[in-house]
Amino acid sequence: INALTIPSLSVVAFQSAFATITVAVISGAVVGRMKLIPYMIFVFLWSTLCYDQMARWIFSRQGWLNQMGTIDFAGGMVVHFASGISGLTATTILGSRSDFDPDALKTGQTHLPFTVLGTGMLWVGWMGFNGGSALA
């Protein structure tokens, strides 16, 4: 076994963890503002059109930000910057939670599918972060 190489499947799993965490951060911003199916469509489109591009710019050797010397070990730009800006944009477009469901503020209810989805994504994502960060 060559200790200088990492199997491609491990790299895919590590990058998938980054993508999962990014979507989970956005879910915290839109919870109570979107239904589950439109959110899942948003996740697919956002991951494909936004996250994949930004990850390639930074993590790929051919990425223009990587070639300029950008180093992003823990995903500060790809994960936190991209999800933070996207969450802010989504909440600005979608409006207040009380606009979506006026009764939600009175009852203090939580949206169980989003809670389970976000918890699962964070659980899987952080496992990958912790394991893969040692290789960075």
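Odds and ends about this structure:
- Residues (under 17 Å from Ile71 (Cα atoms) and touching a residue at least 40 places away in the same chain (Cβ under 8 Å)) located in region 42-59: Ala55, Phe59
- The residues listed here are Gly84, Gly69; of these, the one that is at pLDDT 90 or above, loosely packed, with under 11 Cβ neighbours inside 10 Å and either outside any helix (DSSP H, G or I) or under 19 Å from the mean Cα position of the chain (by Cα) (or both) is Gly69.
- When we screen Ser133, Ser47 for residues that are under 27 Å from Ile6 (Cα atoms), among the hydroxyl-bearing types (Ser, Thr, Tyr) and modelled with pLDDT under 80, the only hit is Ser133.
- Single residue of region 30-44 satisfying the filter (in contact with a helix residue (DSSP H, G or I) (Cβ under 6 Å, 6 or more places away or on another chain) and buried (at least 18 other Cβ atoms within 10 Å of the Cβ)) that is modelled with the lowest pLDDT: Arg33
- Condition met for Ser27 (surrounded by fewer than 16 Cβ atoms within 10 Å (Cβ to Cβ), touching a residue at least 60 places away in the same chain (Cβ under 8 Å) and either part of a helix (DSSP H, G or I) or touching a helix residue (DSSP H, G or I) at 6+ places or on another chain (Cβ under 6 Å) (or both)): no
- The residue that is surrounded by the fewest Cβ atoms within 10 Å (Cβ to Cβ), among those in region 88-102 that are under 14 Å from Gly28 (Cβ atoms) and among the aliphatic types (A, V, I, L, M), is Leu88.
- Candidates Arg56, Arg97, filtered to the one that is more than 17 Å from Phe18 (Cα to Cα) and among the basic types (Lys, Arg): Arg97
- Here is the figure for region 60-86: residues that are touching a residue at least 12 places away in the same chain (Cβ under 8 Å) and of a type in the set (S, T, N, Q) total 3.
The values are calculated or read from the model by the stated rules, or taken from the named source; none is laboratory data. Bear in mind that the values here come from a model prediction, so they are computed numbers and not experimental data. With ideal geometry, Cβ positions are generated from the backbone for all residues, glycine too; neighbour counts draw on all protein chains shown.
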